[in-house]
Amino acid sequence: MKQKKAKPPALSVCMIVKNEEAFLGNCLKSVVDHVDEIIIVDTGSTDRTVEIAKSFGASIYYHPWQDDFSLHRNQSIFYAKGRWIFIIDADEEYQPSSQRSLRKEIAMAEKQGIEALSMRVENSCNAGKETVCLDSIRIFRSNGRIRYEGIVHNYLLGFKNRAPSSGRIIHHGYDQGPEAARKKFERTATLLQKQIVENPENALAHLYLSNSYASMNRNEEALRESLTTVELVEAQQITHKQYLKAYYTAARSYIQLQRPDEAKIICRRALDRYGGHIDIFATQALISLMKKDWSGIIESGSRYREALERYRNHEIGLDMVEIATYSEEWKICCWMGMAKLGLGDMEGAETLYARALEIAPDKAFLCRQAGISLSEAGYPDRARLYMEDAHRLSPPSNGAQSIAAASHEQSALDVTHNITSQAPGIEPEAAPEVASTGLRISQDNSESFFSKAMALEKAGRMSEAEDAYRETIKRTNSHVGGYNNLVGILLRRNEDHEALRILQTASETIINHPAIRYTFGLVHSVLGNHAEALEHFDKTLQLAPAFKKVNIQKAVIFLRISEFNNAIDCLKMEIANGGDIIPALITLGEISLHLGDFSQALNYFHKAIFIDPDNITAKKHIQSLNTR
């Protein structure tokens, strides 16, 4: 009797991996019941990656890494026997739709002659508090014609048509901490720069390089590469919407460099070329906020929310167009609420604040912002309710105080010499306790030395902690926490010049980290080098506009040289950016006291009480003023 031929598998999942033991199990668990075979190309794993893959019945093929993602993607496709290919990475998880199975979607695609399916990819960022979305083609026919190109950010070519899949992919790879992000940046940027050397007019390589710089808050480089991309796109008449990201990156870089007028122009160029886009609308709203253009915020914010809702409902599809502001509706609603208050519409503002409160990841922060805006707009009773909610959701630390430092009786002018009372950098309270026998550490493991140093610092054993921090940076010359905490110890011992020398030994890469720039500013401030300190603080804000305390430290310097108006502007900026609001408010009050404006001083102290009803400093000042 003639034996029937085995039916080929319908769907093969294809992956390339290297040392992915942390993520691979969850990834394969999410797909194993939805596919017919698992194909894995391993490019040199030395951990348990292969063992984990085999436990799911995967077929493993070994190829040494050759600095070319598309090469290895195409190798994995070559080994697949399925009629359809499903591409997923080890740090991703597949979430099927409740509407229809993946197999049904493929069957429907075959009947309709569809060659590719796009899937919504949700990139988890900032410890899961933010989400960046894009629609990416992940499923396609295995016909020998469809293939990948591009050595870094590979892209698919050769398919004739496509349709959306109702499933989703959750990507965890952007949420692995600063050190992993730095290594990924260095690997990716090196390959992209290689592509650009080979072909300087490769718009896609410039686009991805601008994205890489932006991810590291290197705004000047991000701006340069994104503008290069824009010029190439317009000169070459490229129409693919994925290049919208270059316009967005350029606009956001301009904003972070405090150049909103140029950001506004690049947004207009994006809309003229590609039409409406979610991220561009969000950026226009932010520009309007910077200019206090209330009507502009309402208009752009409304367009953002409408476009976002359509995207969520799959009414519009944006293949390969990243939605960076996918999870920022709460911010837009907050800004629109502020705009409504500016236009005198308190009810409209509260409706928007209520929506923001539903979806905000940090509800206490949202309540504080709403309370401050309502108070400034002349609605103290409503403001008080929000501030009470903020206090209930996240009570301020008892240590929250003015930058007047140790003595709350000192005037704003006297206390600017006390800025070293707290060490910059990672708080030692986060460290584990030191065992009496000490920690066992690997001689080459900088993280072990760093953990030991934090534990010793917490225990008050500063000399030993200093030695361990020095070992940390000796082994890893890009260890931000190691440098910051070592400098903190040196500043507390008044070894200011040694602190500066240590910072000057840091690598070029780490010097452009906002935390290190901030620490540079602190050291120069202690040494009385005002111009140098202000330069480093300004650079910090360029790299990370929302960096807390920078504007407060700038205010400290301006107070030292009696530039009161500049100090006031800095403190108001700290409040507007949602930074250390209580110290800023109290210091504004103390400046007002020094200038003899007791009414304004009382106003600032009452605002501080709105946020923290138990704040001792504000209460003492109010009591003193009432006595007067």
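The values are calculated or read from the model by the stated rules, or taken from the named source; none is laboratory data. All of these numbers come straight from a predicted model, not from anything done at the bench. Glycine also receives a Cβ, built like all others from the backbone with ideal geometry; neighbour counts cover every protein chain displayed.
For D569, indicate whether it is under 30 Å from K363 (Cβ atoms), among the acidic types (D, E) and either part of a helix (DSSP H, G or I) or modelled with pLDDT of 85 or more (or both). Yes; evaluated as a whole, the condition is true for this residue.
Screening segment 538-568 for residues that are of a type outside the set (K, R) and in contact with a Phe, Trp or Tyr (Cβ under 7 Å, 6 or more places away or on another chain) and picking the one that is surrounded by the most Cβ atoms within 10 Å (Cβ to Cβ) gives V550.
Within segment 453-478, which residues are more than 21 Å from H513 (Cβ to Cβ) and modelled with pLDDT under 80? Answer for segment 453-478, where residues must be more than 21 Å from H513 (Cβ to Cβ) and modelled with pLDDT under 80: A455, K458, A459. Close contacts from segment 527-538, counting a first residue that is in contact (Cβ under 8 Å) with a residue 24 or more places away in the chain and a second that is outside any helix (DSSP H, G or I), with Cβ to Cβ under 9 Å and a gap of 6+ residues or different chains, come to H530/I561; A533/L527.
Only one of the listed residues (A189, A163) is small (G, A, S), surrounded by fewer than 17 Cβ atoms within 10 Å (Cβ to Cβ) and either touching a helix residue (DSSP H, G or I) at 6+ places or on another chain (Cβ under 7 Å) or part of a loop (DSSP other than H, G, I, E, B) (or both). That residue is A163.
Pairing each residue of segment 479-497 that is under 21 Å from N512 (Cα atoms) with any residue that is of a type in the set (D, E) and assigned to a helix (DSSP H, G or I), provided the two are 6+ apart or on different chains, yields C-beta distances under 7 Å for N485/E457; L486/E466.
Note on segment 60-79: residues that are small (G, A, S) and either exposed (fewer than 15 other Cβ atoms within 10 Å of the Cβ) or touching an Asp or Glu at 6+ places or on another chain (Cβ under 7 Å) (or both) amount to 1.
Consider segment 274-303 and keep the residues that are among the charged types (D, E, K, R) and touching a residue at least 40 places away in the same chain (Cβ under 8 Å). The one that is farthest from R355 (Cα to Cα) is K292.
Taking segment 1-94 and the helices (runs of 4 or more DSSP H) fully enclosed by it, the elements with 1 or more residues that are over 27 Å from I106 (Cβ atoms) are at 49-55. No other residue among L207, L223 is part of a helix (DSSP H, G or I), touching a His at 6+ places or on another chain (Cβ under 9 Å) and hydrophobic (A, V, I, L, M, F, W, C) apart from L207.
Of all the residues in segment 242-274, those that are of a type outside the set (A, V, I, L, M, F, W, C) and not in a helix (DSSP H, G or I) number 2.
Examine segment 481-488 for a residue that is assigned to a helix (DSSP H, G or I), more than 18 Å from V550 (Cβ to Cβ) and of a type in the set (A, V, I, L, M), and state whether such a residue exists.
So far as segment 481-488 goes, yes, one or more of its residues are assigned to a helix (DSSP H, G or I), more than 18 Å from V550 (Cβ to Cβ) and of a type in the set (A, V, I, L, M).
Return a yes/no flag: does segment 229-244 have any residue that is over 27 Å from I137 (Cβ atoms), crowded, with 23+ Cβ neighbours inside 10 Å, in contact (Cβ under 8 Å) with a residue 40 or more places away in the chain and assigned by TED's automatic domain parsing to the domain that holds F185. Within segment 229-244 (the criterion being over 27 Å from I137 (Cβ atoms), crowded, with 23+ Cβ neighbours inside 10 Å, in contact (Cβ under 8 Å) with a residue 40 or more places away in the chain and assigned by TED's automatic domain parsing to the domain that holds F185), the answer is no, since none of the residues qualifies.
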